[in-house]
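The values are calculated or read from the model by the stated rules, or taken from the named source; none is laboratory data. Fair warning: this is a prediction, and the values are worked out from it, not measured in the lab. Cβ: placed from backbone, ideal geometry, glycine included. Neighbour counts: every protein chain shown. The area values use the complete protein model at the heavy-atom level, side chains included, leaving out ligands, DNA and RNA. Shrake-Rupley method; radii C 1.70, N 1.55, O 1.52, S 1.80 Å.
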Amino acid sequence: MIRERINFLRDELNKYAYNYYVLDNPLISDFEYDSLFKELQSLEEANPELITPDSLTQRVGGVSSSFAEIRHKYRLYSLDNTYSYDELRKWYDRVIKECGKSVDLVCELKIDGLAIALSYKNGIFVQGATRGNGIIGEEITQNLRTIKAIPLKLFEDADVDVRGEIYMPILAFEQLNNMSDKPFANPRNAAAGSLRQLDSSVTAKRDLSMFTYTAIIERANEIPKTHWDSLQYIKKLGFKTNPNIRLAQDIEGAIDFCKEWEVKRSTLDYATDGVVIKVNSFACQRELGFTSRAPKWATAFKFPPEEITTKLINIEIGVGKTGAITPVAILEPVLLAGSTVSRASLHNFDEIKRLDVRIGDRVLIKKAAEIIPKVIKVADTPEHDSLPVYEPPVYCPDCGARLETREGEVNLYCPNEKCPSVVKAKLEYWVSKEGMDIDFIGPSVITQLYNMGLVTSPVDFYRLQEQDFLKLDLVKEKSASNMYNSIQKSKQQPLARFVTALSIRHVGKETADLIVGAFPSLELLMNASVENLANIDGVGDKIALSVHEFFHNVKNIEMINEFKTLGFTFVNTAKVISDELSGNTFVLTGTLQTMTRDEAGAKIKARGGRVSSSVSKKTTYVVAGDSPGSKLDKAQDLGVIILNEDEFLKMIGEK
Ligand code: IVH
């Protein structure tokens, strides 16, 4: 009896959740849904042996310590893309040539989120993973289970693999950012950050959704013959598909779709950066096949970056952690590429002069999908000539020190190391995602701690007690303990993060990784000579000098000793998985398709190989991607072995 009631409730809830989250068509009130859900929960609590993982009560799982890498059963390909309609026509001509007839096309929105792959066995969700490089991804099943648009159980008993895009609705993104001290740059980063949580209850609190756009059907009641039919079928199975799709008879029909959505996309509550055009017939798709990175049967049209004019209300002056003074445009708020923009980058004072931007001007601002908007030029402003010419500041707006220029650099600098803005910017960088990644501590907390004189250097964070946080605005026991714990936890952050977080001049995350790669312990690093530092590939004299100086400055040495006393571990986590490439030096050139050059470099290093930035007789292999530079010519001259991306992946066993 109980078992039957449980099964009945699960099926009912599944149906209601599908109608609510997938079809956007609620069948019952929230109240009714909640009471059924609670009934199921209490029956399961009383009869735990009857709990199965596909029950809707089982969406939130536990905490894991890391994400496992998994090899995708079917590769996740990329897409070729273009901004030009003529290119689309050329692509279609090639399709027609191969398939020998007119070919139907499915037009879909290109969702700006994260690609993931889901596997279902006997209708039950068994595994989900990020795209990774298309061949190997990270297993994040537990986190994906918390997303309501991902069915835990399908309406049919089928074996399918699906792909889709995880996204965060724009409104949810803005709400999340409003509550957070460390805002995400765009909804995609917010979605990625939410998915990469080791504690799935954090993911569960974020409003993530998914549009499914590809199905690989292994066993099911229907085996569709076209992409269009497969989309209808997976919707019937329980997946959420994007409703804005069209079957076009030829490329002109597809172009019409692109033109329509270029305008209408701003009305959507999620970000889209283009249109994906796919050959409808699977038979024709098979004839066309794939290149090494992308299907020949699909292509993407990317929307041009959006531009809009608005009024420049003011130019604010920011002071960065290096003391660099940066002008920021304060704008009359406008809606651009799906979000409200009220600030934009103005680069530096030379740029303001070059563009002759004056406060009060109308300016053209532009935003590509992921970049902070920037001021492109002055738009038509009748009163421009009567507005005062903008004069760069002479004194630091915060501490009043006279600003300086530095040789070879366009920026102005505040030279005062104790300037409150500089100190706070360093502290903010210390806790940032790129630095020690300390949750719950952001700019407003830092300003308060600084104003109370509790924190003026990163070491001070680690001297704070839980009760210190209770002195902050609106902070209660729970968040005080969260803040305290996340600071303490950061003592275990890897060495490369520590070196990054120190804000050493000219040393960002990538350089810190290089340096720690060569000097894998703090002692080695502190004792490294300028020459040894400068010998690291990618580290020049300027950086070497700056690092050396930093670690030989008495105050910094004292600070580091304090970190040691406070229990910092300085672990080096550069992963070495084998020594198969040891003794080999690689040079990477050109654009790789399945990974960035940095990722390729990490793969080489993880196998004991070396990566160098220039080709010499000592180079063992050059890995060349698209549009390689002069390094390829040099490799040919010297007779160095040249690998393409595929050969490289085969060499390291990833293909
Ligand atoms: S199809 C083999 N359809 O775009 C076909 N991709 O630039 C490849 N994307 O990694 C994917 N919306 O993350 C497809 N409707 C859509 C899409 C879509 C977004 C993403 C996907 C892919 C990237 C390729």
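Go from 0 up to the bin containing the longest alpha carbon distance in region 212-345, width 10 Å each, and give me the % of pairs per bin.
Percent of Cα pairs in each bin: 10, 27, 26, 16, 13, 8, 1.
Over region 314-435, what portion of Cα pair distances is larger than 22 Å, expressed as a whole percent?
On the way: 3198 of 7381 pairs.
Beyond 22 Å sits 43 percent of the P(r) for region 314-435.
For region 542-644, calculate the relative contact order in percent as a whole number, restricting contacts to Cα pairs under 8 Å that are 6 or more residues apart.
Relative contact order, region 542-644: 25 percent.
Sorted from largest down, give the three principal axis spans of the alpha carbons of the chain, whole angstrom values.
Projected onto the principal axes, the Cα atoms of the chain cover 73, 67, 66 Å.
Can you tell me the Rg and Dmax of region 60-183, counting just the alpha carbons, in angstroms?
18.6, 57
Is the shape of region 1-143 best called rounded, prolate or oblate, per the rule: a/c under 1.5 gives rounded, else a/b larger than b/c gives prolate, else oblate, with a ≥ b ≥ c the square roots of the Cα gyration tensor eigenvalues?
Prolate shape, in that a/c is at least 1.5 and a/b is the bigger ratio.
Full extension from K235 to M452: what is 0.36 nm times the residue separation minus their Cα-Cα distance, to one decimal in nm? Please list the in-between numbers first.
Values: separation 217, 0.36 × 217 = 78.12 nm, distance 5.67 nm.
Full-extension gain reported as 72.5 nm.
Starting from the Cα of D598, step 7 Å along the direction of its Cβ; do the same at E510; then give the gap between the two resulting points in nm.
That separation, rounded to one decimal, is 0.7 nm.
Which residues' amide hydrogens lie under 5 Å from the amide hydrogen of F211, considering only partners 5 or more residues apart or on another chain, with H built in the peptide plane?
When sequence neighbours closer than 5 places are left aside, the close amide H contacts are E165, Y167.
Suppose only helical runs count, i.e. DSSP H with n ≥ 4. What mean residue ellipticity at 222 nm does that imply for the chain under -39500 (n - 2.57) per run, divided by all residues and rounded to the nearest 500 deg cm²/dmol? If you can, show how the numbers build up before the last one.
Working: 25 runs with 236 residues, N = 655.
The per-residue figure over the chain is -10500 deg cm²/dmol.
When the Debye formula is applied to the Cα atoms of region 233-285, each taken as the same point scatterer, what base-10 log of I(q)/I(0) results at q = 0.14, 0.23, 0.26, 0.31 Å⁻¹?
-0.47, -1.05, -1.14, -1.23
Non-local amide H neighbours of D250 (under 5 Å, H modeled in plane, Pro and chain starts lacking H): which ones?
Amide H neighbours of D250, under 5 Å, 5+ apart: L105.
Length gain on complete extension for the stretch N47 to S345, per 0.36 nm per residue less the alpha carbon to alpha carbon distance?
Here the answer is 101.4 nm.
With a ≥ b ≥ c taken as the square roots of the eigenvalues of the C-alpha gyration tensor of region 266-330, please select rounded if a/c is under 1.5 and otherwise prolate if a/b is larger than b/c or oblate if it is not?
prolate
For a test of the definition: using alpha carbon positions, the gyration tensor, and the 1.5 limit on a/c, classify region 154-212 as rounded, prolate or oblate.
prolate
Stokes-Einstein at 10 °C, 1.306 mPa s, Kirkwood radius from Cα pairs: D for region 142-264 in µm² s⁻¹? The partial results should precede the final answer.
Values: Rh = 16.5 Å.
Value of D from the Cα-based Kirkwood radius: 96 µm²/s.
Which cross-chain or sequence-distant (5 or more) residues have an amide H under 5 Å from the amide H of V611, H modelled 1.01 Å from N in plane?
Long-range HN contacts for V611: F586.
Compute the normalised compactness of region 1-50: alpha-carbon radius of gyration over 2.2 N^0.38 Å, N being the residue count.
Working it through for region 1-50, the quotient is 1.19.
I want the antiparallel fraction of DSSP beta bridges within the chain, as a percent rounded to 5.
That works out to approximately 85 percent antiparallel.
I'd like the GluC sites (Glu not before Pro) in region 75-146 restricted to DSSP loop residues with at most 14 other Cβ atoms within 10 Å, sorted by number. Present the calculation step by step, with values, prior to reporting the outcome.
Numbers: sites: E87, E98, E108, E138, E139; in loops: none.
Listed in order of number, the matching sites amount to none.
From the phi of every residue in region 515-525, what ³J(HN,Hα) in whole Hz does the Karplus formula 6.51 cos²θ - 1.76 cosθ + 1.60 yield, where θ is phi - 60° and glycine or proline is x?
5, 5, x, 8, 10, x, 9, 4, 5, 4, 5
Residues in region 55-87 near a label at K121, defined as backbone nitrogen under 14 Å from the 7 Å Cα→Cβ point?
Hits in region 55-87 for K121 at 14 Å: 73.
With θ set to phi - 60°, apply the Karplus curve 6.51 cos²θ - 1.76 cosθ + 1.60 along region 614-624 and write out the HN-Hα couplings as whole Hz, x wherever there is a Gly or Pro.
Calculated HN-Hα couplings, in order: 9, 7, 9, 5, 7, 5, 8, 9, 10, 9, 10 Hz.
Determine the gain in length on full extension of the stretch N561-S582; use 0.36 nm per residue of separation and subtract their C-alpha separation, reporting nm with one decimal.
4.1 nm
Can you flag which of K38/K153; K617/K650; K182/K321; K225/K655; K153/K240; K15/K38 are past 21 Å Cα-Cα?
K617/K650; K225/K655
Residue by residue, what Karplus-based ³J(HN,Hα) values in Hz, rounded to whole numbers, does region 102-109 have, using 6.51, -1.76 and 1.60 with θ = phi - 60° and x for Gly and Pro?
Here the 3J(HN,Hα) series is 6, 10, 5, 10, 9, 9, 10, 6 Hz.
So for D380, D513, what's the accessible-area order with a 1.4 Å probe, most first?
These residues rank, largest area first, as D380, D513.
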